[in-house]
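Novice: Pasting in a structure now, in structure tokens, and then I'll have a few things to ask.
The values are calculated or read from the model by the stated rules, or taken from the named source; none is laboratory data. Since the structure is predicted, the reported quantities are computational estimates derived from the model, not experimental observations. Positions of Cβ are backbone-derived with ideal geometry, glycine not excepted, and every protein chain shown enters the neighbour counts.
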Amino acid sequence: MNWLLTQLFGRLPIGWLQLSHNKGRLFAAVSGVAFANLLVFMQLGIMGALNGSTVAPYAIIDTDIILSSQEGNTLTDSEHIARVWMLQALGVAGVADVSPLYIGNLPFTLDDGTSVSLLVFGVNTTQPGFVSPAIAPLLSKLTLENTTLLDEGTRGMPTSVIDGLKAGAPFAFEASGQTLTAVGTMNVGGGFLADGMMMVSDQTFLQFFGSRSSAAPDHIMVRVADGVSPETVAARLSDVLPALTVRVQTNEAAQAADLSFMSSERPTGIIFGFGVFMGILVGLVIVYQVLSTDVADHLREYATFKAMGYGQPFFLGIIFEEAIVLAVFGFIPGLIASMGLYAGLVAVTGLPVTMDASRAILVFLGTLTACTISGAIATRRLANADPADLF
Amino acid sequence: MSGAPIVVSGLNHFFGTGEARKQAIFDINVTVKRGSLTILMGPSGSGKTTLLTLIGALRDIQDGSVYLLDRELNGATEGELVALRRRLGFIFQAHNLHESLTATQNVRMGLEVHGKGNASLQRAASHHMLDLLGLADRRDYLPGNLSGGQKQRVAVARALVANPQIVLADEPTAALDKESGHTVVEMLKTLGQVRGTTTVMVTHDPRILELADRIIKLEDGSVVSDESN
Ligand SMILES: Nc1ncnc2c1ncn2[C@@H]1O[C@H](COP(=O)(O)OP(=O)(O)OP(=O)(O)O)[C@@H](O)[C@H]1O
Ligand SMILES: [Mg+2]
């Protein structure tokens with residue numbers, strides 16, 4: 001380590017020697033940074049899962065443009081839209097096809113007493129082009145009344161059921177006093193919105209949700225003609241449809257809008273953002289404390305170095321060296337502990353909490369930055385090291 | 001080098017402001033010859049340390065002038081002062097060693113400031129200096145494991161390792177036993193003769209007075225006697 005740092009800095013690694021000389025302080029500082037990392041990782045993990053489950057439903061549909069009610073908030077938190085706009089949209093240049101999408105929440109209780117709440121997507125089974133290519137081949141199975149495709153990741157659903165379905169054994173269950181038969185699976189995952197998802201035909205949907213009418217789906221999916229950009233068509237649709245009631249968004253824009261709604265307008269998003277902020281603050285304060293105590297404890301030595309002719313860059317170098325050591329040594333255990341906690345969260349909640357490289361790199365860079373800022377503040381104490389006081 | 005390494009003229013120094021303003025140094029004029037060993041004496045509070053810090057570019061000159069190695073300190077920039085200090089060797093009363101650095105590493109700090117020589121050359125030079133001061137078997141000790149006198153000798157080694165042109169010392173022998181105190185002063189004396197190192201030292205130690213080329217006595221911030229041997 002000494003040798004490595006000496007090569008790296010081209011001088012004695014005083015910052016490192018100083019930090020490692022006081023083992024207790026080093027341990028406290030590293031633990032502090034690791035803890036701050038853990039806080040930030042947990043918040044980001046849950047926030048990531050929140051974002052992931054916000055856009056997850058988009059994976060089961062396949063559309064270029066989505067028409068929705070202006071009253072709605074997100075794909076799954078929507079209001080109804082009049083079906084007449086579907087016909088109007090069909091008349092717009094560049095629109096190749098349109099299809100209604102119904103969404104509802106279906107709570108039911110399994111035989112073993114587990115209560116499950118599923119997001120139900122009702123689609124037109126004669127338009128397989130509007131569901132994801134993975135699901136499209138299964139769509140014909142749904143033409144049979146009261147059949148459904150069940151989410152493999154459904155929370156509370158026994159694995160035997162899912163395994164059975166994959167092997168081709170249908171699974172019948174009661175919901176809303178009617179019998180539904182699962183005839184296949186799709187893979188979306190639960191998340192925050194519901195315990196899982198399921199897909200049915202629009203006919204089955206309307207049968208289960210008696211209050212809903214075919215005249216008012218939740219969204220209208222629009223496929224554009226080959227070679228036309230969805231943005232262009234979306235602009236044309238906006239011109240034609242009443243802006244006060246109909247929201248026209250490309251698929252991408254809709255996902256982005258859902259994400260921003262969930263992270264900025266929902267208390268959960270704000271709370272998690274605040275958690276990240278707290279984690280960073282904790283790290284900053286701990287590192288500042290350690291580094292400034294270190295400076296204060298060594299004022300006479302620093303003053304001696306000043307008398308010997310060492311300039312400000314030398315002292316800044318020492319503090320930043322310490323900051324970098326703390327950042328690296330704190331980040332590694334923080335990352336490992338966070339991955340452990342992520343695995344625990346997945347096992348317990350089934351939320352899609354995963355560590356991706358970009359997040360790890362981001363947090364590491366953030367840690368480096370925070371430690372450096374703390375170090376920069378701590379160096380202000382160096383001004384107190386006056387060599388004239390040494391004699 | 002044209003002139004003397006230290007030329008002090010019309011030097012006054014004040015501490016405090018307003019009502020509390022107090023003059024510590026009164027119109028001092030001293031020229032120190034190259035390679036000489038000069039001793040500053042005087043009662044406590046007579047201004048010895050203040051004069052030493054002014055000469056050592058550790059304190060801003062308020063009034064008068066100090067030429068150090070042909071550079072005027074009065075009005076010099078911080079950068080110029082830092083560069084000048086690298087050519088000096090300071091020996092403080094307290095050792096001020098870095099607790100996390102070994103004896104050798106502490107001494108090396110006196111070389112690294114110049115940025116010259118690679119690590120192994122610096123280490124060899126540091127070892128040599130420690131050996132001269134009788135610390136050959138303590139090279140890799142941390143200060144915490146050294147006696148007070150040994151620490152002070154490490155500090156001396158650190159001050160001398162880079163071959164300074166001027167050595168400024170404030171009661172350096174206070175923490176040393178008789179023998180090593182004598183060794184250190186002998187060493188400074190020899191350096192003066194061999195390399196032309198100029199030493200200004202504050203001390204009350206009568207045994208050292210015999211070795212001095214010149215003894216300056218201060219009282220209440222003024223020179224009251226100035227004798228050359
Ligand atoms: N930082 C300071 N602030 C205010 N007054 C000071 C300061 N340093 C020294 N003085 C005053 O200046 C005068 C000279 O002090 P100085 O330390 O130079 O004396 P000295 O000869 O070194 O004494 P000693 O033998 O006790 O070390 C004293 O009256 C002292 O009180
Ligand atoms: Mg003094």
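Novice: Name the pairs: first residue in the range A:108-122 and within 12 Å of A:L150 (Cβ to Cβ) and outside the structural domain of A:F171 (by TED's automatic domain parsing), second residue of a type outside the set (A, V, I, L, M) and modelled with pLDDT of 90 or more, Cβ to Cβ under 8 Å, at least 6 apart or on different chains?
Specialist: No pair meets every condition.
Novice: Among the residues of the range A:276-313, write down those that are surrounded by 19 or more Cβ atoms within 10 Å (Cβ to Cβ), in a helix (DSSP H, G or I) and within 14 Å of another protein chain (Cβ to nearest Cβ).
Specialist: The answer is A:D294, A:V295, A:E301, A:Y302, A:A303, A:T304, A:F305, A:K306, A:A307, A:M308.
Novice: So in the range B:41-64, with the set limited to residues that are more than 16 Å from ligand 2 (Cβ to nearest atom) and more than 14 Å from chain A (Cβ to nearest Cβ), which one is nearest to B:V200 (Cα to Cα)? Outline the logic, then answer.
Specialist: Step one: of the range B:41-64, the residues more than 16 Å from ligand 2 (Cβ to nearest atom) are B:57, B:60-64.
Narrowing further to those that are more than 14 Å from chain A (Cβ to nearest Cβ): B:63-64.
Values: B:D63: 21, B:G64: 20 Å.
Going through the qualifying residues, I end up with B:G64.
Novice: Considering the range B:83-92 alone, what residues qualify as being part of a loop (DSSP other than H, G, I, E, B) and more than 7 Å from chain A (Cβ to nearest Cβ)?
Specialist: Passing the criteria: only B:R87.
Novice: Among the residues of the range B:25-40, is any touching a residue at least 24 places away in the same chain (Cβ under 8 Å), within 12 Å of chain A (Cβ to nearest Cβ) and not hydrophobic (A, V, I, L, M, F, W, C)?
Specialist: no
Novice: Pull up the range B:11-58, narrow it to residues that are in a loop (DSSP other than H, G, I, E, B) and among the charged types (D, E, K, R), then point me to the one that is nearest to ligand 1 (Cβ to nearest atom).
Specialist: First, pick out the residues of the range B:11-58 that are in a loop (DSSP other than H, G, I, E, B): B:16-17, B:21, B:33-36, B:42-47, B:56-58.
After this cut, where a residue has to be among the charged types (D, E, K, R) as well, the list is B:21, B:33-34.
Numbers: B:R21: 10, B:K33: 23, B:R34: 25 Å.
Here the answer is B:R21.
Novice: Okay, moving on. Residue by residue through the range B:112-132, note down the ones that are surrounded by fewer than 22 Cβ atoms within 10 Å (Cβ to Cβ) and more than 10 Å from chain A (Cβ to nearest Cβ).
Specialist: B:K116, B:G117, B:S120, B:L121, B:R123, B:A124, B:A125, B:H127, B:H128, B:D131, B:L132 - these are the residues of the range B:112-132 that are surrounded by fewer than 22 Cβ atoms within 10 Å (Cβ to Cβ) and more than 10 Å from chain A (Cβ to nearest Cβ).
Novice: Here's a follow-up. How about the range A:224-275: which of its residues are surrounded by 12 or more Cβ atoms within 10 Å (Cβ to Cβ), among the charged types (D, E, K, R) and assigned to a helix (DSSP H, G or I)?
Specialist: Once the filter is applied, which keeps residues that are surrounded by 12 or more Cβ atoms within 10 Å (Cβ to Cβ), among the charged types (D, E, K, R) and assigned to a helix (DSSP H, G or I), the range A:224-275 yields A:E231, A:R236, A:E252, A:D258.
Novice: With respect to A:T63, is the statement that it is surrounded by 23 or more Cβ atoms within 10 Å (Cβ to Cβ), under 18 Å from A:D218 (Cβ atoms) and modelled with pLDDT under 90 true?
Specialist: no
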